[in-house]
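What follows is calculated from the coordinates using simple rules that are stated; it is not laboratory data. Predicted model only: the values in this text are computed from it and were never measured. Virtual Cβ from ideal backbone geometry, glycine too; neighbours counted across all protein chains shown.
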Amino acid sequence: MTPVIDSQASGPGTPPRAAFTDALTRAALERLELQITRSYAHNSLLYSTLENLADVETITHFMHWDGAQPPFARYLRLWLPRAPDCIRRELGDHINIEENQRHSELFTEMLRHLDSLVSSETDLDQDRLAELNYTFSERCAEERDIGFFLGGFWATEIMSAKRCLQIYRGLRRNRVADGPLEYFRIHFDSDEAHSRVVRDRMIVPVLQRTPYLLGAIRHGVHDRLSRSGAYVMWYEMTRLPSLVEESS
Ligand SMILES: [Fe+2]
Ligand SMILES: [Fe+2]
């Protein structure tokens, strides 16, 4: 990580101030990363249930709820005009990757295949969806600053890799064919790397120029964790009661 602030040595025998700032930033980001990986959203009963216990029908129903969230690439696009110059190109490249990977088509193909394996349809509560889907909504993108966005983006990429692997494993445990599951394979293969790109090529350059945004980044991480945690807990309590009882 490069120093956050260029500075000279502050006295004999004292490390340069830049080294302190660098170390403090690194420590703050490490702490935030630990908060993400130890959060309930990242370690929920919902995803371990989908991985280890749920049948195809249960997983399919959840994927319908998941698929009803606003598209992530569109959410990233909403932030592009507000991104500072130092990260605009990186964010634009990331959006292109998201769009070039044919995410929406792969997701639709996967869901169509899952639908062909199950008999019942998912009932989606639209009011509840609007409430739960705030994170990637236009309303959320409008009312916060770039630090808040980067924190939420970073947490999203870290969590995506694990939950995609868990859902993929749950479907394979149920002997769903591998071919239609490319959407998941792409994500558990690449989202951990994406999270490092967000941290090292977006968050760090922004902090180099505007260190005071650390608070907003932290706020973005915490907001994402609490909203995702609320989402999975709501789903566990209302949609998976029998499975949750069996596994607890
Ligand atoms: Fe993606
Ligand atoms: Fe990603």
_Which of C140, C86 has the fewest Cβ neighbours within 10 Å, and the rest in rising order_ = C86, C140
*asked:* Please report the spacing between the Cα centers of segment 45-79 and segment 121-191 in Å, no decimals.
replied: 6
*What does a probe at R239 reach in segment 51-89, counting residues whose amide N is under 20 Å from the point 7 Å along Cα→Cβ?*
51-73
*How far apart, in nm, are the 7 Å Cα→Cβ label points at D145 and A68?*
3.5
_Test of the criteria: in segment 70-123, which trypsin sites (Lys or Arg not before Pro) are in a DSSP loop and have at most 15 other Cβ atoms within 10 angstrom of their Cβ?_
R102
*Taking the Cβ of A27 as the centre, find all other residues whose Cβ is under 13 Å away and add up their charges (Lys, Arg: +1; Asp, Glu: -1).*
0
*If we count every other residue with Cβ under 13 angstrom of R175's Cβ, Lys/Arg +1 and Asp/Glu -1, where does the sum land?*
+1
_Averaging the inverse of every distinct alpha carbon separation and then flipping it gives the Kirkwood radius. What is it for the chain, in angstrom units?_
19.4
_To make sure I understand, if each residue's beta carbon is the centre and we count other beta carbons within 10 Å, what order do D223, D55, D127 fall in, fewest to most?_
D127, D55, D223
_Give me the extension gain from V56 to R209: residue separation times 0.36 nm, minus the current Cα-Cα distance, reported in nm with one decimal._
50.3 nm
_Local electrostatic count, Y231, Cβ distance below 12 Å [Lys/Arg +1, Asp/Glu -1]_ = +2
*Point-to-point label distance, E30-C86, nm (Cα→Cβ direction, 7 Å offset)*: 2.2
